[in-house]
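Q: The following block contains the structure, expressed as structure tokens.
The values are calculated or read from the model by the stated rules, or taken from the named source; none is laboratory data. Owing to the predicted nature of the structure, the values given are computational and were not obtained by experimental measurement. Here the Cβ positions follow ideal geometry from the backbone for every residue, glycine too, while neighbour counts run over all protein chains shown. Only protein heavy atoms, including side chains, enter the accessible area calculation; ligands, DNA and RNA are left aside. Shrake-Rupley method; radii C 1.70, N 1.55, O 1.52, S 1.80 Å.
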Amino acid sequence: MADALGMIETRSFPAMVEAADAMVKAAKVELVSYEKTGGGYVTAVIRGDVAAVKAACEAGQTAGARVGEVVAVHIIARPHANVDSVVPLGRAEAGER
């Protein structure tokens, strides 16, 4: 199974919570982290297979827009191993599996 990363950035924390809730309910994905980037911007990061991440991001974008402003939605279908070594967003190390 090829993992994918999905990210939704919103302009408020309540919008991110609503988007994250919708994402994990819409598909089999894992909410791995969220980042407060300043100025009220918050990004939620999910991980799962490519189709599930796409479906979850669509649901999250719709739900987040009902509560606040969705700034960006981005999906990385198969992030390179170097991305995971620098920014290990929910990926278990080879020895931990």
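Q: All but one of (1) within 14 Å of Leu89 (Cβ to Cβ); (2) open to solvent by 60 Å² or more (accessible area, probe 1.4 Å); (3) hydrophobic (A, V, I, L, M, F, W, C) hold for Val53; state the number of the condition that does not hold.
A: Looking at each condition in turn, Val53 falls short on (2).
Q: Also, I was wondering about something else. Within the stretch 72-97, which residues are at pLDDT 70 or above and loosely packed, with under 10 Cβ neighbours inside 10 Å? Working first, answer last.
A: If we filter the stretch 72-97 for residues that are at pLDDT 70 or above, which is where we start, we get 72-87, 89.
Of everything in the stretch 72-97, those that are at pLDDT 70 or above and loosely packed, with under 10 Cβ neighbours inside 10 Å turn out to be His80, Ala81, Asn82, Val86.
Q: Give the stretch 1-47 a look and list any residue that's in contact with a helix residue (DSSP H, G or I) (Cβ under 6 Å, 6 or more places away or on another chain), open to solvent by 70 Å² or more (accessible area, probe 1.4 Å) and in a strand (DSSP E or B), or say none.
A: The answer is Leu31, and nothing else.
Q: How many of the residues making up the stretch 18-32 are of a type in the set (Asp, Glu) and over 12 Å from Ile8 (Cβ atoms)?
A: Residues meeting the conditions: 1.
Q: Scan (1) under 11 Å from Ala4 (Cβ atoms); (2) in contact with a Lys or Arg (Cβ under 6 Å, 6 or more places away or on another chain) for the single condition Ile76 breaks and write down its number.
A: So Ile76 meets the others, but not (2).
Q: So is Lys54 basic (Lys, Arg) and more than 12 Å from the chain's Cα centre (by Cα) or not?
A: no
Q: Give the residue, chosen from Met23, Met1, that is modelled with pLDDT of 95 or more and not charged (D, E, K, R).
A: After ruling out the rest, the residue left standing is Met23.
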